Amino acid sequence: MNAIAKAIDAINEAFGRVIAPLIAIITLIVLYDIASRFLFGRPSDWAFDVTKMLFGAHFMLMAAYGLKHHAHVEVDILKRLLSRKKQAMLEVIGYLIFFVPFIWMLITLGWSFFERAWSRGETTYGMVSIPVYPIKGVIVVAAILILLQAIAIVLRAIMQLREEASA
Amino acid sequence: MNLSPEVLTLVMFGGLMVGLFMGHPLAFVLGGVAVIGAFLGPGERILGTLINNIFGNAMDNYVLVAIPLFILMARFLNDSGVTEKMFDAMRLLLANLRGGLALTVVIVSVLLAATTGIVGASIAVMGMIALVPMLKYGYNKELSAGVIMASGCLGILIPPSIMLILMASYSPVSVGALFAGALIPGLLLGVMYALYVLIICYIKPHYGPKVPVEERAEVSTKQLLIMLAKYVVPPMSLILGVLGALFTGIATATEASAIGVFIAFILFMIFGDRKISTCFWTMIEAGKTTTMVMLVLVGATAFTGVFSRGGGMTVISDLVLAMPGGTIGALILMLFLVFILGMFLDWTGIVLLSFPIMLPIVETMGVDMLWFVVMVAVVLQTSFLTPPFGYALFYLKGVAPPGVEIVDLYKAVVPFVALILLACTLMAFFPWLITGLPNMMLGY
Amino acid sequence: QAQEEWTMTSTWPENLDLIKIDQHWVELVNQLAGEELQINFRAGGTLMPGTEVFDATETGSIEAAGDWPGYWAGLNPAFSPLATTTSLFNGVDYLNWIQQWGGRELYEEIYGQFNMVYLPYGITNNESGFMGRTPIESIADLEGKRLRLSGRDQGRVLEELGGSQVTLAGGEVYQAIERGVIDAGEFSTPGVDFNAGFAEVADYWATPGWHQSASVFGVMINKDAWDALSEETQETLRIAADATMAWSLAWSERQSTEATQKFIDAGVTINQFSEEDLARIQEVTNEVILRGACESPDHAKVYQSMIAYLEHYATWRDVSAPYNMSRVMDNLPSLEEIEACL
Ligand code: NA
Ligand code: NA
């Protein structure tokens, strides 16, 4: 179990490090858009759509990395009063009740959302046609990465419970 | 299952509370309750709209691009080391003034408010640059956190503001009139926060300690002036650069945030360690903060979608209409409902859900629409601060150093929520605080 | 038969006047077919963002949604001329074409590809044109100007004329004009534009709105929800749509008239393009229509039908001058060349 959790950690750690610099690219595109409008008098005809898409991809794909590093908002005032065993149980229950339905919805309905865009070759409708399916597919990819990280967290909680039981 | 709207409302808010206090990540609690609520209420077939909401409201939303950019700007500014030294210099400058750093936070926040209207961004920015220096100099934890959160929320009230633009598109009041109407209330709140800081620090000197005389004496006036020039001018020029780009029409509010990143990066290259690896970790940290802010929005937009579809808002409007007490009773109740909803929902959800129901009621009562909309905008300031679901609390917790707990933040907001409610009372008795400026400028 | 309940929303939020067209149709349907069908209408944005109503109707999350077809042109470019034309149709042309020259069938065909039935039920005539802080009196003034404009064909025409298309989020247009980020921008008809506060920030208004000579609105209905209705109710919905269509044309013209007066009273200077300039815009438009038609067969099919109508109708229309309806045009995009793209 520990090996699986470690492998998942490694995947998300690497992935997060690859995705994080996207924000620099977003910044550069917006600056390029401002500059081309004011210095060259010719606004870019793709920057608006590309910026928006990269923004959506950036925070969604960083979510699993954030989960690994406990970056997501949670209120632990009550949880911390409990024993480690009870905390681990609460963790497992929380993932079962709240996380499972949410991630199931993201993956299944996110997939059909992506599939509709993909099968029709949906594009943006500006001067340049940019395909929309990659950004819609991001929902599914992000959800799978988050699911993996959640599996790692739950595995560790189960290991904690076993340890306490055998001790 | 098809639960009635009343029962569904209770179940969804109940589920939210349970999940929150179990310590499960908020984004998943919101999303999970949304999915379960969809099954229990309007039915499985509406689940697709959750994806529509997540994609359309959070991912495919150009104006939100300002969030990661302002966060990155704050990180670069931080890494340049300038901000800590700026607060150092400000502290020496205001050496004889108790609470000088807290006052600095209010002033910088009001300036920032004129550049951005995105609360997640403002709080994260101020949290990153101001909280550590204040704690370092022995400021009271609650006062420090409270002043950062409360002033950080002003961004959405002081124009330009995306909230006011959205409110205008859901009411018969124009953007210009709303901008003008919200300016005085926004500045009034800023002044009230500043006065509160000065008064509380006067009464309780240990809340915002003065600089010890010996320490102040170590630095000559000339040295202080050099410090000020070196460390106060750069961050100020950053804010003025962003503001300038906005007001001269070089960039839109969203684009101005990229200019902010650019200037902050230059400051990092001048004052920081200029290492590529530092840049890389800055982007990692900015990404973590961004995904923290945005995933809450993802969950919240899913939750609000189901709540709205399940008829939750109709439950609330029936309550208003059944209320005795005439016009004044109904107004108080409506604003109170906005306050209560603010404990659970974000402002977007509240505006979208409540305006279509409340504004017709307001219109039939013959109450000034501009006044009412701005009152709602001011009351919504509390929605970021009030537990359990004050997003300012979460955003600040996300960037706060260890030792600052969510309970500290719950305590921190109390006086500021009270100040906002006091401001509302003032504006109820003196409506010209809202209508005066639009009247003068636009003949409203 | 048991009563059906539909949830319907719209691309338009509560305050955008275009929502009144949706509401008009819903009220008619609930009055006429209330026994069998009750529609719960929710303003745009309350259930999902306006950009997502197409997907939600297609999948059946909601039964129906009011729209402007142009928003879906990324799925099929044919949605663009189903929504509006650059310097081609006026409002009466759309009315004629939809009702008698095969337009309706094309809406059904294109929306049918997405498991939906479409009832066009709104027509507005010419849009305002460009409003901003910089005067635009002629094509020559467009050179180097940054204009907020939506649509691909519209952008192509503008770029040919020397201006630049700027893409902005709807909520940013007001501020972008106020601060001079753009020189001017188009949004909708005068009635809608005035309520959106444009008179507060714009000093100049360039007419006519050649970029959108007329517009069509309607309701998308999920096919399964439609099939569950009896034939009588389906017919009632169609009749309500036709009644709303006639109402909307007159209603929006009245709104535009009153709003134009308000713009004048607010001190906004109106500049009208000259006949020569409009002739030049027509030239460019004809090229752009041809180019777009040849990029997609469905796109060509719709334009073919529209221009065939204009040519056909001219037979009688020009004879009945000056008591005619529809645009009188001696310079149309070449029908033969479009048909070659089919
Ligand atoms: Na602001
Ligand atoms: Na709250």
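Is one or more of the residues making up the range C:288-306 among the aliphatic types (A, V, I, L, M) and loosely packed, with under 13 Cβ neighbours inside 10 Å?
No - not one qualifying residue is present in the range C:288-306.
Scanning for something more than 11 Å from chain B (Cβ to nearest Cβ), open to solvent by less than 30 Å² (accessible area, probe 1.4 Å) and in a helix (DSSP H, G or I), does the range A:57-79 turn up at least one residue?
no
Could you identify the single residue in C:ARG156, C:ARG179 that is within 13 Å of chain B (Cβ to nearest Cβ), open to solvent by 10 Å² or more (accessible area, probe 1.4 Å) and not aromatic (Phe, Trp, Tyr)?
Testing whether each residue is within 13 Å of chain B (Cβ to nearest Cβ), open to solvent by 10 Å² or more (accessible area, probe 1.4 Å) and not aromatic (Phe, Trp, Tyr) leaves just C:ARG179.
Out of everything in the range B:328-379 that is free of Cβ contacts under 8 Å to residues at least 60 places away in the same chain and hydroxyl-bearing (Ser, Thr, Tyr), what residue ends up being farthest from ligand 2 (Cβ to nearest atom)?
B:THR364
Only one of these is farther than 15 Å from B:LEU77 by Cβ and within 12 Å of chain A (Cβ to nearest Cβ): B:VAL261, B:VAL306. Name it.
Unique residue meeting the criteria: B:VAL306.
Here are the criteria: (1) within 14 Å of chain A (Cβ to nearest Cβ); (2) out of contact with any Ser or Thr (no Cβ under 9 Å at 6 or more places or on another chain); (3) more than 16 Å from ligand 1 (Cβ to nearest atom). Tell me which single one B:PHE384 does not satisfy.
The failed condition is (3).
Results for (1) of a type in the set (Ser, Thr, Tyr); (2) within 14 Å of chain C (Cβ to nearest Cβ); (3) more than 16 Å from ligand 2 (Cβ to nearest atom); (4) in contact (Cβ under 8 Å) with a residue 24 or more places away in the chain, shown as yes or no for each residue.
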residue	(1), (2), (3), (4)
B:ALA150	no, no, no, yes
B:VAL175	no, yes, yes, no
B:LEU189	no, no, yes, yes
B:MET192	no, no, yes, yes
B:GLU214	no, no, yes, no
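So B:LEU183 ticks every box in (1) touching a Pro at 6+ places or on another chain (Cβ under 7 Å); (2) away from chain C (no Cβ under 14 Å); (3) of a type in the set (A, V, I, L, M, F, W, C); (4) crowded, with 24+ Cβ neighbours inside 10 Å but one. Which box is left unticked?
For B:LEU183, the failing item is (4).
With respect to B:LEU97, determine if the residue is at pLDDT 80 or above and surrounded by fewer than 23 Cβ atoms within 10 Å (Cβ to Cβ).
It is true that B:LEU97 is at pLDDT 80 or above and surrounded by fewer than 23 Cβ atoms within 10 Å (Cβ to Cβ).
Kindly list, by first and then second residue, each pair from a residue in the range B:380-392 that is over 19 Å from B:ILE67 (Cβ atoms) and near ligand 2 (Cβ under 6 Å from one of its atoms) to a residue that is at pLDDT 80 or above and open to solvent by less than 10 Å² (accessible area, probe 1.4 Å), limited to pairs with Cβ atoms under 8 Å and residues at least 6 apart or on different chains.
Within 8 Å, the pairs are B:THR386/B:GLY342; B:THR386/B:VAL413.
If you go through the range A:145-152 one residue at a time, do you hit one that is open to solvent by 30 Å² or more (accessible area, probe 1.4 Å) and not in a helix (DSSP H, G or I)?
No, that holds for no residue.
Looking at B:ILE259, B:ILE250, which one is open to solvent by 20 Å² or more (accessible area, probe 1.4 Å) and over 24 Å from the mean Cα position of the chain (by Cα)?
Within the list B:ILE259, B:ILE250, the selection yields B:ILE250.
Take the conditions within 16 Å of ligand 2 (Cβ to nearest atom) and under 24 Å from the mean Cα position of the chain (by Cα) and apply them to B:ILE123. Does it pass?
So B:ILE123 fits the description; yes.
Quick one: which residue in B:THR49, B:THR83 is open to solvent by less than 20 Å² (accessible area, probe 1.4 Å), touching a residue at least 60 places away in the same chain (Cβ under 8 Å) and within 14 Å of chain C (Cβ to nearest Cβ)?
Exactly one residue qualifies, and that residue is B:THR49.
Would you check which residues across the range B:1-46 are more than 14 Å from chain A (Cβ to nearest Cβ) and among the charged types (D, E, K, R) and list them?
B:GLU6
For (1) away from ligand 1 (no atom under 16 Å from the Cβ); (2) away from chain A (no Cβ under 14 Å); (3) open to solvent by less than 10 Å² (accessible area, probe 1.4 Å), each residue gets a yes or a no:
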residue	(1), (2), (3)
B:LEU393	yes, no, yes
B:VAL399	yes, no, no
B:LYS411	yes, no, no
B:PHE429	yes, yes, no
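Could you say which residue among C:THR285, C:THR236 is more than 27 Å from C:SER80 (Cα to Cα) and in a helix (DSSP H, G or I)?
C:THR236
The values are calculated or read from the model by the stated rules, or taken from the named source; none is laboratory data. Given the structure is predicted, the values throughout are model-derived calculations rather than measurements. All Cβ positions, even for glycine, are placed from backbone atoms using ideal geometry, and neighbour counts span all protein chains on display. Side chains are part of the model used for accessible areas, which takes the heavy atoms of the whole protein and leaves out ligands, DNA and RNA. Shrake-Rupley method; radii C 1.70, N 1.55, O 1.52, S 1.80 Å.
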